[in-house]
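The values are calculated or read from the model by the stated rules, or taken from the named source; none is laboratory data. Quick caveat, the model's predicted, so the values are computed rather than measured. As a convention, Cβ positions derive from the backbone with ideal geometry for all residues, glycine included, and neighbour counts pool all protein chains shown.
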Amino acid sequence: MFTAVASADTLSKTLDPVGTLVDECRIHLDAEGLRISAMDPATVGVVELALDREAFESYEADGGVVGVDVERLDSVVGMANSDDLVHLELDEETRQLRIRVGGLEYTLALVDPDAIRAEPDLDALELPASAVVEGRQFDQAIRAAEMVSTHVAVGVDESGENLYVDAEGDVDTVHYELDDDDLVDLEVAPAHSLFSLDYLADMNRVVPTDAELTLELGEEYPMRLSYVYADGSGEVLYFLAPRIQSR
Amino acid sequence: MFTAVASADTLSKTLDPVGTLVDECRIHLDAEGLRISAMDPATVGVVELALDREAFESYEADGGVVGVDVERLDSVVGMANSDDLVHLELDEETRQLRIRVGGLEYTLALVDPDAIRAEPDLDALELPASAVVEGRQFDQAIRAAEMVSTHVAVGVDESGENLYVDAEGDVDTVHYELDDDDLVDLEVAPAHSLFSLDYLADMNRVVPTDAELTLELGEEYPMRLSYVYADGSGEVLYFLAPRIQSR
Amino acid sequence: MFTAVASADTLSKTLDPVGTLVDECRIHLDAEGLRISAMDPATVGVVELALDREAFESYEADGGVVGVDVERLDSVVGMANSDDLVHLELDEETRQLRIRVGGLEYTLALVDPDAIRAEPDLDALELPASAVVEGRQFDQAIRAAEMVSTHVAVGVDESGENLYVDAEGDVDTVHYELDDDDLVDLEVAPAHSLFSLDYLADMNRVVPTDAELTLELGEEYPMRLSYVYADGSGEVLYFLAPRIQSR
């Protein structure tokens with residue numbers, strides 16, 4: 001059983017981050033809210049997303065799991081204006097999700113959850129360094145890095161006490177640096193890893209420019225990127241595997 | 001003889017609906033205003049358009065007919081800002097239309113009216129059901145339907161007393177429904193016909209979102225779509241032939 | 001030695017006009033400001049640009065010359081918001097230009113000035129006629145002309161006392177005419193020359209719509225187009241060679 005009503009904006013902000021990594025995903029319809037966990041086919045990026053029942057106008061669920069075509073559901077939600085209310089209702093018999101916005105009812109065929117790639121099983125990971133940046137700072141760093149390279153080094157400079165993003169092109173280089181004054185928060189510890197810009201650019205596209213984005217880092221370790229949305233009732237968590245450093 | 005002055009906006013709203021169906025059209029320069037009637041090459045859609053002399057700043061005509069390249073004339077008008085005044089003057093000797101906006105004079109070569117496809121001769125058609133919807137409601141229905149199919153069923157549900165637009169995809173379906181409360185007006189009668197979304201989507205593109213669009217329908221009958229513009233001095237009337245229903 | 005700070009907007013308005021003609025250019029870092037002079041590979045268009053030190057927040061230079069990839073430098077500057085301050089610093093040893101905006105530092109490899117096409121050496125040219133038009137008038141004339149042809153005649157009508165732009169298509173023609181009342185200024189003298197619309201359209205794209213653009217003309221002579229920017233501290237000067245008139 002699942003029926004829920006939420007603003008189109010909240011649902012878009014829930015689906016967009018998932019769509020950067022996978023075409024289809026499982027949605028866990030828990031009593032306390034939605035949960036999505038997915039890993040991209042190349043096993044480089046993972047997204048874990050939770051949207052509490054508080055983010056909804058109304059919400060009723062009893063623990064089922066549905067499989068959806070993320071882009072398709074996102075397009076249907078995208079038909080509404082951002083503050084329109086979207087009604088969702090699961091028809092368990094026909095395995096369809098009924099989506100209503102005003103006079104429009106879209107019946108979305110669900111995907112068999114067993115036919116969707118297994119959800120990632122992440123080991124708990126201690127990431128010693130962390131920094132909280134604004135979405136628009138992250139955006140500037142990523143876009144500048146894209147001008148010269150396909151990957152970046154992200155790390156924390158312990159002596160300078162700053163977060164940096166470095167990209168090296170054939171002739172040009174980009175160095176982006178934010179210290180304590182520029183950052184919302186900074187936890188200094190040894191951290192330096194290389195990441196693919198393809199993934200970071202896709203993730204950057206969905207991070208709201210006014211979001212506070214927490215980056216957690218280590219030495220040649222994955223990066224954890226997280227931010228909240230929907231007035232704190234939603235949380236997006238990305239894990240991104242590092243590239244092997246060529247020495 | 002023909003000279004006229006109108007706002008660029010009014011002229012664009014006159015040419016756009018014609019351009020969705022044909023490349024070239026005849027314009028009747030009657031004493032009381034302009035008249036255009038055209039049918040698309042596949043004989044599926046017809047547009048009938050009238051723009052009264054009241055819509056013009058000044059207007060003088062004595063019943064001639066000119067043939068024009070619709071897109072070209074529309075582009076010239078589109079060069080002006082929407083509230084700029086556009087001066088039109090027919091040079092009967094050279095068969096050219098002189099179009100002036102500010103310091104710009106564009107001389108448009110006319111097309112021989114006899115070289116343009118004959119105008120449609122429509123039988124009077126009784127369409128029992130009708131509904132008046134807002135342009136933005138029509139837009140939402142058409143765009144949703146396009147997500148799943150290439151054609152739609154449009155009809156009136158006599159028991160539910162509502163207008164509906166139905167589209168069936170391979171796996172997903174769209175049902176759009178507007179009842180008395182949502183509609184500006186509704187005349188209930190048996191009506192259900194299938195239409196091509198290609199045509200409806202093109203027509204939808206030119207219907208202003210704030211227009212009141214009247215749909216007239218029957219059982220496997222053409223649909224008549226009409227709305228006024230230019231403060232009521234202009235009227236657009238579309239006829240769209242139904243698709244044969246596959247049973 | 002060269003260090004300077006200017007708004008991103010001022011730097012963009014300096015680089016855009018150069019980028020319409022060449023990929024790489026020399027920048028003269030004079031004590032009194034920047035100077036750029038470049039001719040396109042087909043030797044049809046020349047741009048001469050000067051940006052006085054008054055246009056900068058701070059400026060120090062001692063007469064060096066650097067070679068830059070115009071589009072690349074323009075893209076880096078374009079990463080900033082238009083009122084962000086951009087810091088430029090030349091590293092003479094490594095032949096790199098360090099560009100800083102907020103936390104971002106972009107290191108741009110310079111191009112050997114000797115590897116860049118020699119700067120044009122223009123003879124002083126007496127152009128008897130001139131007209132001062134608004135950027136948006138020039139824009140309208142050029143865009144209308146592009147609808148019918150690939151070249152235009154620009155001239156001054158001595159009897160009518162107006163500036164005109166004429167384009168002749170296969171069937172349609174465009175005549176754009178501005179007289180004393182429409183123009184900021186007009187100096188009447190014999191002037192009529194043919195120019196490539198490719199070049200004029202590119203130049204038009206960078207002329208601000210609110211700029212006062214001075215056109216200087218003669219009989220089958222080059223046209224000089226000039227305007228100031230950055231509150232008068234910057235000046236762009238284009239020379240455009242005429243096309244040979246086919247008679």
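Only one of these is among the polar types (S, T, N, Q), part of a loop (DSSP other than H, G, I, E, B), at pLDDT 95 or above and within 23 Å of A:Glu220 (Cα to Cα): A:Ser130, A:Ser149. Name it.
Numbers: A:Ser130 fails: part of a loop (DSSP other than H, G, I, E, B).
Answer to the check: A:Ser149.
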If I filter the stretch A:61-73 down to residues being touching a Leu at 6+ places or on another chain (Cβ under 8 Å) and assigned to a helix (DSSP H, G or I), which single residue comes out as nearest to A:Glu105 (Cα to Cα)? A:Leu73
Residues being more than 10 Å from chain C (Cβ to nearest Cβ) and of a type in the set (Lys, Arg) - total across the stretch A:137-152: 0
Which members of the stretch C:89-129 meet the condition of being facing chain A (nearest Cβ under 10 Å) and within 24 Å of the chain's Cα centre (by Cα)? C:Leu97, C:Ile99, C:Leu108, C:Leu110, C:Val111
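Within the stretch C:25-41, work out how many residues are part of a loop (DSSP other than H, G, I, E, B) and over 20 Å from C:Leu97 (Cα atoms).
The total comes to 2.
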Could you check the stretch B:105-116 and list, in sequence order, the residues that are surrounded by fewer than 20 Cβ atoms within 10 Å (Cβ to Cβ) and either in contact with a helix residue (DSSP H, G or I) (Cβ under 6 Å, 6 or more places away or on another chain) or more than 23 Å from C:Asp170 (Cβ to Cβ) (or both)? none
Name the pairs: first residue in the stretch C:90-112 and free of Cβ contacts under 8 Å to residues at least 40 places away in the same chain and of a type in the set (D, E, K, R), second residue crowded, with 19+ Cβ neighbours inside 10 Å and in a loop (DSSP other than H, G, I, E, B), Cβ to Cβ under 8 Å, at least 6 apart or on different chains? C:Arg95/C:Leu110
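Sort through A:Ala80, A:Ala38 and tell me the only one that's surrounded by 19 or more Cβ atoms within 10 Å (Cβ to Cβ) and modelled with pLDDT under 95.
Details: A:Ala38 fails: modelled with pLDDT under 95.
Within the list A:Ala80, A:Ala38, the selection yields A:Ala80.
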Residue check for A:Leu213: within 22 Å of A:Ala124 (Cβ to Cβ), of a type outside the set (Val, Ile, Thr), part of a strand (DSSP E or B) and in contact (Cβ under 8 Å) with a residue 24 or more places away in the chain: yes
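Residues in the stretch B:225-239 that are surrounded by fewer than 20 Cβ atoms within 10 Å (Cβ to Cβ), in contact (Cβ under 8 Å) with a residue 24 or more places away in the chain and within 18 Å of B:Leu163 (Cβ to Cβ): how many?
In the first step, residues of the stretch B:225-239 are kept if they are surrounded by fewer than 20 Cβ atoms within 10 Å (Cβ to Cβ); the result is B:226, B:228, B:230-233, B:235, B:237.
Okay, now just the ones that are also in contact (Cβ under 8 Å) with a residue 24 or more places away in the chain, so B:230-231, B:233, B:235, B:237.
In the following step, the residues that additionally are within 18 Å of B:Leu163 (Cβ to Cβ) were identified as none.
Residues flagged as surrounded by fewer than 20 Cβ atoms within 10 Å (Cβ to Cβ), in contact (Cβ under 8 Å) with a residue 24 or more places away in the chain and within 18 Å of B:Leu163 (Cβ to Cβ) within the stretch B:225-239 amount to 0.
May I ask you to list the residues in the stretch B:197-247 that are among the aromatic types (Phe, Trp, Tyr) and either outside the structural domain of B:Glu187 (by TED's automatic domain parsing) or touching a Pro at 6+ places or on another chain (Cβ under 8 Å) (or both)? Before you say what the answer is, go through the steps one by one.
Just the residues of the stretch B:197-247 that are among the aromatic types (Phe, Trp, Tyr), to begin with: B:199, B:221, B:227, B:229, B:238-239.
Listed by number, the residues that qualify are B:Tyr221, B:Tyr227, B:Tyr229, B:Tyr238, B:Phe239.
Please enumerate the residues belonging to the stretch B:160-178 that are in a loop (DSSP other than H, G, I, E, B) and over 21 Å from B:Gly218 (Cα atoms).
Step one: of the stretch B:160-178, the residues in a loop (DSSP other than H, G, I, E, B) are B:160-161, B:169-172.
B:Gly169, B:Asp170, B:Val171, B:Asp172, listed by residue number.
Restricting the search to the stretch B:92-104, which residues are surrounded by fewer than 21 Cβ atoms within 10 Å (Cβ to Cβ) and touching a strand residue (DSSP E or B) at 6+ places or on another chain (Cβ under 8 Å)?
The first filter runs over the stretch B:92-104 and keeps only residues surrounded by fewer than 21 Cβ atoms within 10 Å (Cβ to Cβ), leaving B:92-96, B:98, B:100-102.
Scanning the stretch B:92-104 gives B:Glu92, B:Arg95, B:Gln96, B:Arg98, B:Arg100, B:Val101.
Among A:Leu200, A:Leu183, which is within 13 Å of another protein chain (Cβ to nearest Cβ), touching a residue at least 24 places away in the same chain (Cβ under 8 Å) and either buried (at least 18 other Cβ atoms within 10 Å of the Cβ) or in a loop (DSSP other than H, G, I, E, B) (or both)? Don't jump to the end; show me each part of the working.
On the way: A:Leu200 fails: within 13 Å of another protein chain (Cβ to nearest Cβ).
Checking each option against the conditions leaves just A:Leu183.
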For A:Glu168, state whether it is acidic (Asp, Glu), over 20 Å from the mean Cα position of the chain (by Cα) and at pLDDT 95 or above. yes
Output the residues belonging to the stretch B:42-59 that are within 20 Å of B:Asp202 (Cβ to Cβ) and not in a strand (DSSP E or B). B:Ala42, B:Thr43, B:Val44
I'm trying to understand the selection: among the residues of the stretch A:1-15, which are more than 19 Å from the chain's Cα centre (by Cα), surrounded by fewer than 19 Cβ atoms within 10 Å (Cβ to Cβ) and at pLDDT 95 or above? A:Thr3, A:Val5
Here are some conditions: (1) in contact with a strand residue (DSSP E or B) (Cβ under 6 Å, 6 or more places away or on another chain); (2) closer than 30 Å to C:Val152 by Cα; (3) buried (at least 18 other Cβ atoms within 10 Å of the Cβ). B:Glu89 meets all but one. Which one does it not meet? (3)
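Pick from A:Gly33, A:Gly64: which is closer than 30 Å to A:Leu125 by Cα, surrounded by fewer than 17 Cβ atoms within 10 Å (Cβ to Cβ) and either among the polar types (S, T, N, Q) or not assigned by TED's automatic domain parsing to the domain that holds A:Asn204 (or both)?
On the way: A:Gly33 fails: surrounded by fewer than 17 Cβ atoms within 10 Å (Cβ to Cβ).
Among A:Gly33, A:Gly64, only A:Gly64 is closer than 30 Å to A:Leu125 by Cα, surrounded by fewer than 17 Cβ atoms within 10 Å (Cβ to Cβ) and either among the polar types (S, T, N, Q) or not assigned by TED's automatic domain parsing to the domain that holds A:Asn204 (or both).
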Confirm whether B:Tyr221 is in a loop (DSSP other than H, G, I, E, B) and not polar (S, T, N, Q). yes
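Scan the stretch A:74-86 residue by residue and report those that are within 13 Å of chain B (Cβ to nearest Cβ) and either of a type outside the set (D, E, K, R) or in contact with a Leu (Cβ under 9 Å, 6 or more places away or on another chain) (or both). Steps first, answer last, please.
Here is the first cut: in the stretch A:74-86, the ones within 13 Å of chain B (Cβ to nearest Cβ) are A:74-81, A:84, A:86.
Listed by number, the residues that qualify are A:Asp74, A:Ser75, A:Val76, A:Val77, A:Gly78, A:Met79, A:Ala80, A:Asn81, A:Val86.
Every residue in the stretch B:196-211 that is farther than 25 Å from B:Gly169 by Cβ and out of contact with any helix residue (DSSP H, G or I) (no Cβ under 8 Å at 6 or more places or on another chain), please. Talk me through it step by step, then tell me what you get.
As a first pass, look at the stretch B:196-211 and keep what is farther than 25 Å from B:Gly169 by Cβ: B:206, B:208-211.
None; the set is empty.
Has the stretch B:34-41 got any residue that is within 20 Å of the chain's Cα centre (by Cα) and over 25 Å from B:Gly232 (Cα atoms)? Show your work before the answer.
The first filter runs over the stretch B:34-41 and keeps only residues within 20 Å of the chain's Cα centre (by Cα), leaving B:34-41.
Filter once more, keeping what is over 25 Å from B:Gly232 (Cα atoms): B:40-41.
Taking every residue of the stretch B:34-41 in turn, at least one turns out to be within 20 Å of the chain's Cα centre (by Cα) and over 25 Å from B:Gly232 (Cα atoms).
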Flag if C:Val133 is more than 23 Å from C:Val18 (Cα to Cα) and either within 19 Å of the chain's Cα centre (by Cα) or crowded, with 18+ Cβ neighbours inside 10 Å (or both): no
